[in-house]
1. How about the stretch 115-204: which helices (runs of 4 or more DSSP H) wholly inside it have at least 2 residues that are within 21 Å of residue 29 (Cβ to Cβ)?
2. Take the conditions assigned to a helix (DSSP H, G or I) and surrounded by fewer than 19 Cβ atoms within 10 Å (Cβ to Cβ) and apply them to residue 494. Does it pass?
3. Being in a helix (DSSP H, G or I) and either touching a helix residue (DSSP H, G or I) at 6+ places or on another chain (Cβ under 8 Å) or surrounded by 16 or more Cβ atoms within 10 Å (Cβ to Cβ) (or both) is the filter here, so list the residues in the stretch 1-28 that pass it.
4. Within the stretch 449-484, track down each residue that is in contact (Cβ under 8 Å) with a residue 60 or more places away in the chain and either in contact with a strand residue (DSSP E or B) (Cβ under 6 Å, 6 or more places away or on another chain) or over 24 Å from residue 419 (Cβ atoms) (or both).
5. Surrounded by fewer than 19 Cβ atoms within 10 Å (Cβ to Cβ), within 33 Å of the chain's Cα centre (by Cα) and closer than 24 Å to residue 3 by Cα: does that describe residue 118?
6. If residue 345 satisfies every condition in (1) in contact with a helix residue (DSSP H, G or I) (Cβ under 7 Å, 6 or more places away or on another chain); (2) part of a loop (DSSP other than H, G, I, E, B); (3) closer than 19 Å to residue 249 by Cα but one, which is the exception?
7. Given the condition within 16 Å of residue 501 (Cα to Cα) and surrounded by fewer than 19 Cβ atoms within 10 Å (Cβ to Cβ), answer yes or no: does some residue in the stretch 442-452 qualify?
C-alpha cells in the first residue's frame, strides 16, 4: 500500500494533477525546490525533504536529496526485517512511490552548445540516483520517471485499490533504466564530441520516431529511430506511410540535388539514380531526368532542390511515383498532388543535414565509417592526356563525377552538361557496367556523342575506354591508380580523348 511519495521533477507536466490525486488518497508527499513550490501553489500539502534530512539544499542546490534517510527509505526491501531495522535506526521513513525526471541535459546543454563549464550544471545527480534506486527496488516501491505514465498509474491505483501490480512496476522500472541510459549516453557523447578519430566506445541512444510500413520486403518489420532531442529530418504532407526503402532512397535523392545550385531533379530507383537533369526551371530539370530512362523511373523517388510548383506537380501526377521530396511545395501544387492520395509528398526543413557517419551491422558487430562526400577533387584535376577539356566538358565532368558517388559499384555514369545519360551499376566487372550504361542509352534513344564517362574507380585495362569511344564518348574522368594507368593514357591519346584523374575513389556498396 502506498503511504508516502517523493516527487522531484524538472518537467512539471501533469505533476499537479498527480499530486492532487495522491493527496485525495491520503498519501503523504515529500518534495523539494521548484517541485515543492509548484505543488504548494496548487494547494497540495507537501513535506519538505529538508524536514526529513535535517539539512536544506547546499552547494547551490547540488546536494538536496543525497542522504541515507532518503535513500534508505527508497532502497529498503520491505520483506527483509534487517533492512527495516536499519532504516529505523537512522530515523528514515519508508517511501513507497518515487516520481522523478531530470535536468534537461540534451535540450539545455547539447542543443544550445553550451561550454563544458555551463553544461555540467545540467548533469543531474540526485534525480538519476533516486529513480534508479526506486527501479532497483521495484518489488517494494513504485518508480515513475515519465509524465506519460501518470495517467496509467492513476488507473492502476484506482482499479487495484491502491496496489500497483508487480508487472506494472516492472514496466515502470524498465522505463527508468531506458531513460537513465539515454541520459548518460548524451552526457558521454557531449564530453567526447571533440575527440579526434572514432571514439573507443560508441553510445547510441535512440528513440523510435515511427514504425515503417515494412522493411526492404513486406515480410520484414522496420522502424525509424532518432537520437534524443532530434526531430524527423523531413515532413510528410500526404500519402501512404513511408517504408524502409523509401527512407534510404529519399536520402540519396535529396542529397544528390542539394549538391547543385542550378534547378535540379534526381530520380532514384532501387538505390541507384535512373535519372538526373539540370534546367532553367525544375520542370525542365524533371523532364531531362525522365529522358534518361523513361521506363525505369516509374515507381521511383523524385527529388528537387527548388520549390515544386503546380505546373510541375501536374506532370508528376501523370505517372506512378512512390515519393516526391523537395525543400518546399506550393499550396497550389499540394492541391494537385491530392489527386493521387497515396503519393508520398515530403518536404525537408531549412536546417536539413546529412549524418556524417554511417553504421552497418556485420558479423555480429558494426562497421562505422565517415559518409562519402565531395573531396574537392574537381578543383585539382590531373589532366593526363594531350587533349585538355573545354569549359563545357568540365561542367559535364562535374555533373558526372558528382552523380557517380551515388551509383552502386562498379559504377559508371555517362553525362553531358545538363543531364545524366546512362548508368551502369552494381556489376562485378567494370567493363560490364560500361556496356550496360551504353545499352541503356541506346534503348531510350539518347546518344553519347561528345559525352563524358565517369568511373568510381580506376580502369585496370583500356578495353572500357575503347568501347566508350566507339559510342562517341570524348572525356573520361576516373581516379587513376592502376598499374596499367600509362597503357590506358596511351590508348586515350590514340583515340583522341580527354582523360583526367581525380586521385580519389568513390566505391559505394
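1. Working: elements: 116-119, 126-136, 150-159, 166-191.
Answer list for the stretch 115-204: 126-136, 150-159, 166-191.
2. On the way: assigned to a helix (DSSP H, G or I): yes; surrounded by fewer than 19 Cβ atoms within 10 Å (Cβ to Cβ): yes.
Yes, satisfied.
3. To start, the set of residues in the stretch 1-28 that are in a helix (DSSP H, G or I) comprises 15-24.
Listed by number, the residues that qualify are 15, 16, 17, 18, 19, 21, 22, 23.
4. Within the stretch 449-484, the first condition is being in contact (Cβ under 8 Å) with a residue 60 or more places away in the chain, and the residues that meet it are 474-475, 477, 480.
Across the stretch 449-484, the qualifying residues are 475, 477, 480.
5. Numbers: surrounded by fewer than 19 Cβ atoms within 10 Å (Cβ to Cβ): yes; within 33 Å of the chain's Cα centre (by Cα): yes; closer than 24 Å to residue 3 by Cα: no.
Here the answer is no, as residue 118 does not meet what is asked.
6. Of (1) in contact with a helix residue (DSSP H, G or I) (Cβ under 7 Å, 6 or more places away or on another chain); (2) part of a loop (DSSP other than H, G, I, E, B); (3) closer than 19 Å to residue 249 by Cα, only one is false for residue 345: (2).
7. First, the residues of the stretch 442-452 that are within 16 Å of residue 501 (Cα to Cα): 452.
In the following step, the residues that additionally are surrounded by fewer than 19 Cβ atoms within 10 Å (Cβ to Cβ) were identified as none.
No, that holds for no residue.
Just so you know, all these numbers are worked out from the coordinates, no wet-lab data involved. Being a predicted model, the structure only gives us computed values, none of them experimental. Positions of Cβ are generated from backbone atoms using ideal geometry, with glycine treated the same way; all protein chains shown enter the neighbour counts.
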